[in-house]
1. Please go through (1) part of a helix (DSSP H, G or I); (2) away from chain A (no Cβ under 13 Å); (3) out of contact with any helix residue (DSSP H, G or I) (no Cβ under 6 Å at 6 or more places or on another chain); (4) not β-branched (V, I, T) for B:P228 and return the number of the only condition it doesn't satisfy.
2. I'm trying to understand the selection: among the residues of the stretch A:59-76, which are away from chain B (no Cβ under 11 Å), surrounded by 12 or more Cβ atoms within 10 Å (Cβ to Cβ) and either assigned to a helix (DSSP H, G or I) or not hydroxyl-bearing (S, T, Y) (or both)?
3. Given the criterion open to solvent by 30 Å² or more (accessible area, probe 1.4 Å), of a type outside the set (S, T, N, Q), in contact with a Cys (Cβ under 9 Å, 6 or more places away or on another chain) and in contact (Cβ under 8 Å) with a residue 40 or more places away in the chain, identify the matching residue among B:L392, B:L375, B:L385, B:L404.
4. Quick one: how many residues across the stretch B:76-108 are assigned to a helix (DSSP H, G or I) and either open to solvent by 10 Å² or more (accessible area, probe 1.4 Å) or within 22 Å of B:M486 (Cβ to Cβ) (or both)?
5. In the stretch B:78-130, what residues are within 25 Å of B:F265 (Cα to Cα) and among the hydroxyl-bearing types (S, T, Y)?
6. Within the stretch B:61-71, does at least one residue satisfy the condition of being touching a residue at least 60 places away in the same chain (Cβ under 8 Å), crowded, with 22+ Cβ neighbours inside 10 Å and within 24 Å of B:A115 (Cβ to Cβ)?
7. Given B:T253, B:T238, B:T245, which one is touching a Gly at 6+ places or on another chain (Cβ under 8 Å), surrounded by 23 or more Cβ atoms within 10 Å (Cβ to Cβ), under 30 Å from B:T33 (Cα atoms) and of a type in the set (S, T, Y)?
8. For A:M22, all conditions in the list (1) more than 8 Å from every other protein chain (Cβ to nearest Cβ); (2) in a helix (DSSP H, G or I); (3) more than 20 Å from A:L99 (Cα to Cα); (4) over 11 Å from the mean Cα position of the chain (by Cα) hold save one; what is the number of the exception?
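The values are calculated or read from the model by the stated rules, or taken from the named source; none is laboratory data. A quick note: this is a predicted structure, and the numbers were derived from the prediction, not measured. A quick note on method: Cβ atoms are made from the backbone with ideal geometry, for glycine too, and the neighbour counts reach across all protein chains shown. These area figures cover heavy atoms from the full protein model, side chains too; ligands, DNA and RNA do not enter into them. Shrake-Rupley method; radii C 1.70, N 1.55, O 1.52, S 1.80 Å.
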Amino acid sequence: MEYNEILNPGLYNYWVVIFLMMVGFYIVIARGNLVKKLVGLNIFQTSVFVLYISIGKVTGGTAPIFGEGISVFSNPLPHVLILTAIVVGIATTALGLALVIRIRESYGSIEEEEIHAQEEDF
Amino acid sequence: MTAHLPILQIIIPLMAAPLCVVLRNRDIAWGITLLVSLISFAISLMILDQVLTQGVLSYFMGGWPAPWGIEFRIDVVNAYILLIVSAIGAIVSIYGRHSITREIPREQTTLFYTAFLLCLTGLLGMTATGDAFNLFVFLEVSSLSTYALISLGKDRRALTASYQYLIMGTLGATFYVIGLGLLYQMTGTLNIVDLHDKLSNMDGSIRTLQAALAFLTVGLSLKLALFPLHLWLPNAYTYAPSTITAFLAATATKVAVYVMLRVFFTIFGVDIFEETGLAPVIMGLAIVGMFVASTVAVFQNNLKRMLAYSSVAQIGYIMLGISFLNVTGVSAGIVHLLNHAVMKCACFLAMGCIMYRVGSVRMENLHGIAKKMPLTMAAFVIGGLSLIGVPLTVGFISKWQLILAAMQADMMPIAFLILLSSLIAVVYVWRFIEVAYFKAPADGDTSVKEAPLSMLIPLWVMALASIYFGIDTDMTLGVAELAAEMLVGGAP
């Protein structure tokens, strides 16, 4: 890939996507706090939403609504797909947080290290 | 009516799930679950019959034709997987009644059945759908209900196991969506067949294509627990309620393998798949997984955990078959998919019976258990022999087929490795048999007796199935070969 191509301002959103993806992924792996892990997971998923919405953009196109004198629309399908993915993401987060509450109830902690220590004693 | 079978298969469990919540009675909920899973099984038998006589079934959601609308497309491959999933679902719901009453708190039982039905919906939906994004939605339906089901285990470690699975499962599913987004970017379609048509003209050296394949492979490998991405599996299987362990071990990873087959062979096609050089990587991981997971299984004292590690090893065999990229190899992979579902279901159902009577599946608590529960142990022995691959059991058929594939591909050392890893299976199966048959019971405790009949019958159905399909291979191997020829496209 040419140097100019990498700095192409049209690719700006893809750099945002990659940055968010890596940040989210890093938090999931590196943080020991169970809630923080879920936050990281959310950032990771959000990056994918941005990716899909970027794919749907058509240069010069307007919002996909019929109107006078409009002939170029952005592609509405990725938006619809990502709406589904957002709902899935919310469900996952809700379930994850519910699990964290139950873990806190039975272990008295939401730190991975302390939970591991308790499991080894068992 | 028969034209609507593909959708009825999914709609019936989906609609029955909220019904269980509304009625709030655990006997009615169990009745509904049993009825629905039996109906699903009957429907999948009819679908398989239709597919074998009429060819591919294509069902358009709401009358919108593919590639615009969502299509349910059922050919030999998914008809076969639908049958496995719904059959295991039916067996497990007959079995589950006593086991669940014992292991799940009373107030959560109806919700348990709801989650079980949703899980069944998701797995059947993943199998039936011909739309790659729709597949993701069903994947999440099944995954979310699976996390809830696992967290219902008695031990508090079920909660952390479920949490860990949630994190890794969501990462896997998100990777799948990223890969799909890249494919959509290149082709503008989400329909699996349409994707194949548009991708088949492309060159395997396009970087976006390679990235998409990488994301899809890693995402699905997490879901199907390919070594070294299997870390969620041992805990999830160990601490989940017994019924759910049997169900998941036999279906969830198998459906993920099916999706992997679709991605590799139907979406990308053998040629692109070969050009990107992914097959040797998968072959390597599969072989390492076979050995490492089997070896770890030898050192486990918790039997459910031992069988969970054995599952990771068996997934290695399935993926090894697929990575040969020839008809014999892929059909070995597919036939082992069914065979492993049958034998692992039998083993885990036997664990459930022991859990029901003894309340533990740790080796030290099970000395001489065979004298108290002879029928359960006999069924476990049949399952164990299958895991090893002794002739006259299903395990032998798959290993034989795998070795044939290795010889066809001129890879004799791999055939040798398959035999060698089977020897490790002998060790871990024998360890439990020795404890169960040859150790004296610890005390004069007479409270432990044979499991109730409603648990023994499903267990023996699975045990006898693993012998029957080891002798009469027309149905299993025949269909698997048909499916493999279709996937690989008749190439040698």
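1. The single condition B:P228 does not satisfy is (1).
2. Residues of the stretch A:59-76 that are away from chain B (no Cβ under 11 Å), as a first pass: A:59-74, A:76.
After this cut, where a residue has to be surrounded by 12 or more Cβ atoms within 10 Å (Cβ to Cβ) as well, the list is A:61-62, A:64, A:70, A:73-74, A:76.
Of everything in the stretch A:59-76, those that are away from chain B (no Cβ under 11 Å), surrounded by 12 or more Cβ atoms within 10 Å (Cβ to Cβ) and either assigned to a helix (DSSP H, G or I) or not hydroxyl-bearing (S, T, Y) (or both) turn out to be A:G61, A:P64, A:I70, A:F73, A:P76.
3. Details: B:L392 fails: in contact with a Cys (Cβ under 9 Å, 6 or more places away or on another chain); B:L385 fails: in contact with a Cys (Cβ under 9 Å, 6 or more places away or on another chain); B:L404 fails: in contact with a Cys (Cβ under 9 Å, 6 or more places away or on another chain).
That would be B:L375, the only listed residue that is open to solvent by 30 Å² or more (accessible area, probe 1.4 Å), of a type outside the set (S, T, N, Q), in contact with a Cys (Cβ under 9 Å, 6 or more places away or on another chain) and in contact (Cβ under 8 Å) with a residue 40 or more places away in the chain.
4. Going residue by residue through the stretch B:76-108, those that are assigned to a helix (DSSP H, G or I) are B:76-103, B:106-108.
Of the ones still in play, those that are also either open to solvent by 10 Å² or more (accessible area, probe 1.4 Å) or within 22 Å of B:M486 (Cβ to Cβ) (or both) are B:76-87, B:91, B:94, B:97-98, B:101-103, B:106-108.
Selection size over the stretch B:76-108: 22.
5. B:Y80, B:S86, B:T121, B:T127, B:T129
6. First pass over the stretch B:61-71, keeping only residues touching a residue at least 60 places away in the same chain (Cβ under 8 Å): B:66-67, B:70-71.
Okay, now just the ones that are also crowded, with 22+ Cβ neighbours inside 10 Å, so B:71.
Adding the requirement that they be within 24 Å of B:A115 (Cβ to Cβ) leaves none.
No, the conditions are met nowhere in the stretch B:61-71.
7. Numbers: B:T253 fails: touching a Gly at 6+ places or on another chain (Cβ under 8 Å); B:T238 fails: touching a Gly at 6+ places or on another chain (Cβ under 8 Å).
Exactly one of B:T253, B:T238, B:T245 is touching a Gly at 6+ places or on another chain (Cβ under 8 Å), surrounded by 23 or more Cβ atoms within 10 Å (Cβ to Cβ), under 30 Å from B:T33 (Cα atoms) and of a type in the set (S, T, Y), namely B:T245.
8. Checking A:M22 against (1) more than 8 Å from every other protein chain (Cβ to nearest Cβ); (2) in a helix (DSSP H, G or I); (3) more than 20 Å from A:L99 (Cα to Cα); (4) over 11 Å from the mean Cα position of the chain (by Cα), the one that fails is (4).
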